Structure formats: structure tokens, C-alpha cells
Amino acid sequence: MSDTRARLTKCFSSVFPGLSPGDVSSASVETVEVWDSVSTITLLTVIEEEFGIQFDMDALERLTSYNAIFEYLTQDASVSRGGSL
Amino acid sequence: MKLIEALEELRQELPLHSPGLGIDLACGITPLHFVTFLRAHLRKLFPGQEVLVRTGIYGDLAGNVERLGDERAATIVVILEWQDLDPRLGIRRLGGWRPSQLPDILQTVRLQTGRLADALDRIARENTVAVSLPTLPIPPAAFTPGWQASAFESGLREAVAALSARLAALTGVRTISSQRLERISPPGSRLDVKSELNTGFPYTLAHADALADLTARILKDPLPKKGLITDLDDTLWKGILGEVGIDGIAWDLDHHAQRHGLYQQLLASLAEAGTLVAIASKNDPALVEEAFERASLVLPRQRIFPAEVNWGPKSASVSRILKAWNVGADSVVFVDDSPLDLAEVKQAHPEIECRLFSRDDDQAAYRLLEELRDLFGKQLITADDDIRLSSLRAAYSAAEIKLSRGDSPEQFLQDAGGKLTVNFSRNPADPRALELINKTNQFNLNGKRHTEGSWKQYFSDPAAFLLLASYADKFGPLGKIAVMAGRKNGTTVSIDHWVMSCRAFSRRIEHGLLLHLFEKSGAREADFDFSVTPRNGPIRDFFAGLLEAVPAERFTISRRQFDGKRSTVYFEIQESANE
């Protein structure tokens, strides 16, 4: 598992402690019952803190799954920081 | 603490049936991560307790406060920000910052602070309330440049200062120190504009963490240390007395020794507030007594007891002081300029808090003063604080008299002329009762502690009673020294708490209290919620004498059983009216 994936998994596990490790990578708003607006804010804040980034507010609407956030971290955020995470 | 660490803390599993700590949070902001940090800090300070935080309606702080406290005794946290006093002082509303509007904003703020003070005055009578006054910067509403304090800003701060002063007079309210908060959370790094605009949560994570940390501490209200043992040379004063002589030691600006004077000043303040202060010094005793005759000493000699001045190891002096005080090492701080002596004392008394007094670093010496204030700080000073030292001295001289005359214990107690005064009430307002419950270790029924909130809640049971006892004899008053709390059910009296100060040992006060309880209540048996703790040997021994066996857990003793085993008491027992 890459470092980015491991750190992102840790963020998800902290915010959604009921998620089994195997389910984290497929987590999304549709599959995680407790993923509501408050946990979205908590999750994104934890990720911002963990990766030292600021999410672009316009991107928030599509950050509704583990994979979407991973993609954002490895592409959009990486590009905006001028390097790789 | 990072947010992810707070979440991890909250993931720790608690034992089944863990007690819960309920907090009512009143604020006008969206509390979001503040709640997470607050729960995490409280979980650290109250291990094994589940922390439940209830919140109110967004944007209505005053309403949220007014709705609190109607139902039951509780622990309440109030987080106030400028926008709660007038929404135009926030950044989510566009009501205007025009110069013509500023007087109206100021007037609204004054009205709102008055409304809040009234509401807090009401709920603080039955609840413990932690209050945070505005922590965020005032927005650029005034027409003056930011580096100049405007009349508008001064007016806002005046209104909040008046609120703060009014809250300080309420015993149930504890306000977070803005000075301490500024140290751990710089004002310029507190507002998170993006978060406030998008979610209504205005704090940076670091500020939310710092504010939650202080809020949790203020709710925990740790027990103050009981005694401070200090070295003399290069600690209480500058210079080695044996080398420079009485006139060579100093504690003033002229001799570049002001830090020692400040240290004396703090010790004098602590002593007057009830902290025990003793000396452990390797010195010539006669020379030290002579040095204490110098008129300019800030710490008077009569505030010090005992003074262990000798050439032996400091750890042995500390042992004798602990014995004279009859307190555990974990209640004591030892201050010395010698790392070697500190290490020697720490090795012999691992539970003692050892602190280095810096001989040559004024900044470090000042930090020590602040730390000592934290370790010994208390909510209020009671009459018992004032008599603690004199009663210890009296007990010490009584023991010496007994030793010198060779009196039997019976004769000594008969001659003491003791008087035990008991007060039965259902009013837990006397803070001394809770103080004794929370700081007594040795004569303690079960080691159970209370917060102010849970203590008040305990007495919401109509069957609950509180017994607070004071004692005095010809050697002087001991003050309020024992607390019993329980419930009467038919012919059984159930005791949930029973503590007695170690200053009151060896007078058979425990026998007198139980005797009076049986007589007053008419109960045929007493049920004790007893459990063994690492340090409650004295109460265990007392029960073992009555039961002819050491109890392991909750037990019941009949009046007849007690009468057959109790010791004779020689003091008079009288009841005082409810205070």
C-alpha cells in the first residue's frame, strides 16, 4: 500500500471507526450509512490536517468516496503543490 | 492534539457500564471539532468515563443558556464569541459596519452581556458552569486603523470585562483565563475564515484544541497540592548562609536577588491560602533561626512548619516533615537549587513533585512561580485553610506533651476537652465537604470522587443526607474534618461516602460520628459501600476492629454489633444548626 493510501485509510478509520479495514477502500456516501454532512466536514478536515492541504471548495461535491478523495490527493492536490504527495 | 488524535482517543473502548460524564454545551457557533477535542481532553482527564456532550441551537447562545439548568444539576460549558453578542460582529452576516451603526452594535452588546449574566447567575446556583469569553478577533468594523484601539473596540471590551467581573462573583462559574489561552493559542492564529464561512465553525484546529484543553482542565479542577518543602540557600534566599553570614544573604533588587524575594512572596501567599510550607535545609539550625529574624524577609518564620535544618540527607528531613504533616508524598512539592538533592529526595519519595530553583536564570525562576501557582491553585479560601497550620502545630505539641508525661491514651483523651460538632443537612453548598471527599485518601470509605455537578446531583435524591463534622479541643480547633453522605431507608442507613481528615486521627472521632449517626437516625443497621483502595488502610483498620475481620467489600453492621465493639469517646457531641 502506498504511503498516501495508508494515510488516507487511517483518516477514514478515525472518522468511521465502524468500517472494517477491508471496506475502507470501497467506502462512499452510498455504502457508509453514517457518512452524513457532519462526518464529511470531519473527514475532509482530518485529511487536510494529515496531508497539510486545503481542499478546493469547488471540488467538494465530487469528494464522496474513498477513491474520489484518493484521486484528488494524487492528482489535483499534487499538481497544486507542484509535486507528489 | 491533532484532530485525528482526538478521534483516536475517542475510539478507545471503555469498560462495560462506564460512568458517564454529561456536558451541556451552550454556544452560538457550530461546535463541530470543538466537541471532538473537548470529549477527547475530558476522556484523558476522566479515564474510563464516557463523555456525552449535548448541544443547543445554532446562532442562539443566549437562548441556549437560558434553556439550560431547568431540568437537573449538570455540568455546563458556555462558549461565547463576539457574534453571539451581536451578529454584526461575525462574518457570516451582512448587517453592516458603517460608522453610524457602531453605537447600536455597542448598545446591543451591552444588553446581551446583561442578559447572559442574568441567565448564568440563575443556572450557576445549581450547576457548575465553565465560561469562555470571546476569543476571536473583533472584525475590522471600527473606522480607525487596526493598530489603534478605537472607542468602539474599547467599549466592546469594557462590556465583556463587566460580564467577566460579574461572573467572577458567582461561585458556580469558572471563567477560562484569557491570559493562559493567549499563551497556548496566539490571538492572530485563531480565526479560520474559510471554515467559518463554509461550515459556521470559526476556529482553527489548533485554537479549538487549546480552548477544549483549558475547558476540560477547568471542569476537572485538579486537587491542589497540600504542602511545599523548600531549601534555603540559593533558593529561599541568595547566598550560602554558612559562608556569607546572616547579612550576606539577599532577596532584593539591589543584590540582584529579586527572584528569591518573589519566591518568598509566592510562598507567603500560598501559606496564607492554607498551603503547608516547611524547610529542608543542610545548615546550622541556630544560624537559620537568626537569619529568620531579619525584618525584611517576605516569608514570615511563623508561616513555616516544621523547619528541618540539619546536616543529614534531605530525604530524611522530607520523611520527618511528611510525618509531622501526616500527608502523602504525592500531595507535596519539593523545591531545591541542587539537582543532586532533588534526585536524592525523588529516589526516596518517588511520588513527590520535585522542582529545580534556578540560581542564575530569572526567566526559569519566574516560570517556576507560575507552575507553583498552578499546582497549589484553588477555587476559594475557607476558614479551614486558615487554621490548618495552627492545628498541626497544636497536634504536634499535644503529641510531645503526651510523650513527655507518659499519659495513657485514655487519660490523654479524657483531659483533651474535645467537642465534636455535627451538622446534618441536605445542602451540599459548603465547598469544604466536596473538598474533603475529593482529597482524602487514608480514612476514605471507597475512594469515590465527585465533580461539583455529580455532587449536587447526588443530593437530588430526597433520601440523601450530608453530615459535616468539626472538632476542637484544648489544643485548638481542627475545623471541618469529616464528611458522611448517605441515604436513610427504613431502619437502615446506607453510607455511600465517609471521609475524615488525617489531622483528626487518634481522637476516636470515627466512633463518635457513627454513634451519633445511629442515635440521630434511629437506624438499626448501617450499610457501608466499602471498597479497598491502595491507601485507605486507616478506615479498613477501624472496620476490622468493629467486625473482627477486614472487610473486602460492601457490608452491613448492626447497632448492637457496633455498641459491643466501639471505643469510649470522651468528647462532647453537639449538633449545629444548618448553615
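Listed cross-link partners B:Lys378/B:Lys480; B:Lys314/B:Lys480; B:Lys419/B:Lys520; B:Lys225/B:Lys439 are compared with a 21 Å cut-off, the Cα-Cα value being larger for B:Lys314/B:Lys480. All other residues whose Cβ lies under 14 angstrom from that of B:Thr199 are scored, Lys and Arg at +1 and Asp and Glu at -1, for a net of -2. Counting only DSSP H runs of at least 4 residues, each contributing -39500 (n - 2.57), and dividing by the residue count of chain B, the helix-based mean residue ellipticity at 222 nm comes to -13000 deg cm²/dmol.
Got the relative contact order for segment B:1-156 handy, in percent, Cα pairs under 8 Å and 6 or more residues apart?
Values: 204 pairs, mean separation 37.1, N = 156.
Reported relative contact order: 24 percent.
Legend: mean number of C-beta atoms from other chains within 10 angstrom of residue C-beta atoms, peptide B:30-37, equals 2. Other residues lying with their Cβ under 12 Å from the Cβ of B:Gln12 contribute a combined charge of -1, Lys and Arg counting +1, Asp and Glu -1.
With a/c under 1.5 counting as rounded, go ahead and sort chain B into rounded, prolate or oblate using the C-alpha gyration tensor (a ≥ b ≥ c being the square roots of the eigenvalues; past the cut-off, prolate if a/b is larger than b/c, else oblate). Oblate. Rounded to the nearest 10 degrees, the angle from helix A:3-15 to the longest Cα principal axis of chain A is 40 degrees.
Packing-wise, with mean Cβ within 10 Å as the measure, how do B:328-335, B:210-217 rank, highest first?
Final packing ranking: B:210-217, B:328-335.
Counting only Cβ charges, +1 for Lys and Arg and -1 for Asp and Glu, the dipole size of chain B around its Cα centre is about 1420 debye.
Scanning residues 5 or more positions from B:Ser576 or on other chains, those with amide H under 5 Å from its amide H are B:Val422, B:Asn423, B:Phe424, with H placed 1.01 Å from N in the peptide plane. Report the antiparallel proportion of the DSSP beta bridges in chain B as a percent, rounded to a multiple of 5. Restricted to chain B, the bridges split so that about 40 percent are antiparallel. Extent along the principal axes, Cα only, for segment B:76-127: 42, 20, 9 Å, with the longest axis given first. In chain A, the calculated helix contribution to ellipticity at 222 nm averages -13500 deg cm²/dmol per residue, counting -39,500 (n - 2.57) for every DSSP H run with n ≥ 4.
Assuming 0.890 mPa s and 25 °C, estimate D for segment B:461-579 with Stokes-Einstein, Rh taken as the Kirkwood radius over Cα pairs, in µm²/s. Let's see the in-between values first.
Numbers: Rh = 15.0 Å.
Result for D is 164 µm²/s.
The relative contact order of chain B comes to 10 percent, based on Cα pairs under 8 Å that sit 6 or more residues apart. For a paramagnetic label modelled on B:Arg487 (point 7 Å from Cα along Cα→Cβ), amide N atoms under 16 Å away belong, within segment B:493-527, to B:493-498, B:526-527.
When both bridge partners sit in the protein assembly as shown, DSSP labels roughly 45% of those beta bridges antiparallel.
Spin-label model, B:Leu380/B:Ser408: points 7 Å from Cα along the beta carbon direction are separated by 4.6 nm. Sites listed here are chymotrypsin sites (Phe, Trp or Tyr not before Pro) in segment B:1-91 whose DSSP assignment is loop and whose Cβ has at most 14 other Cβ atoms within 10 Å: B:Tyr58.
Here the spin labels are modelled as points 7 Å beyond Cα on the Cα-Cβ line, and at B:Asp361 and B:Asp254 they lie 3.0 nm apart.
In plain terms, the residue of B:His450, B:His497, B:His516, B:His17 with the fewest other Cβ atoms within 10 Å comes first and the most crowded comes last, giving B:His17, B:His450, B:His516, B:His497.
Considering only the other residues whose Cβ falls under 10 Å of the Cβ of B:Arg432, what net charge follows from Lys and Arg at +1 and Asp and Glu at -1? Working shown, then result.
Numbers: positive: B:Lys480; negative: B:Asp384, B:Asp385, B:Asp430, B:Glu435.
Combined, the nearby Lys, Arg, Asp and Glu give -3.
Let me know the mean shielding of A:43-50 by other chains, meaning the per-residue number of their Cβ atoms within 10 Å of its Cβ. Before the final figure, lay out each step's value.
On the way: counts 0, 1, 10, 8, 1, 3, 7, 3.
Across the residues of A:43-50, the mean count of other-chain Cβ atoms within 10 Å is 4.
Expressed as a whole number of Å, what is the distance separating the alpha-carbon centroids of segment A:1-68 and segment B:301-341? Segment B:301-341 and segment A:1-68 have Cα centres spaced 56 Å from each other. Other protein chain C-beta atoms within 10 Å of residue C-beta, averaged over A:4-13: 1.
Read-outs throughout are calculated quantities, based only on the coordinates presented, and are distinct from any laboratory measurement. What you are looking at is a predicted structure, and each value in this text was computed from that prediction instead of being measured. Because the Cβ atoms are built from the backbone with ideal geometry, glycine has one as well, and the counts that use them run over all protein chains shown.
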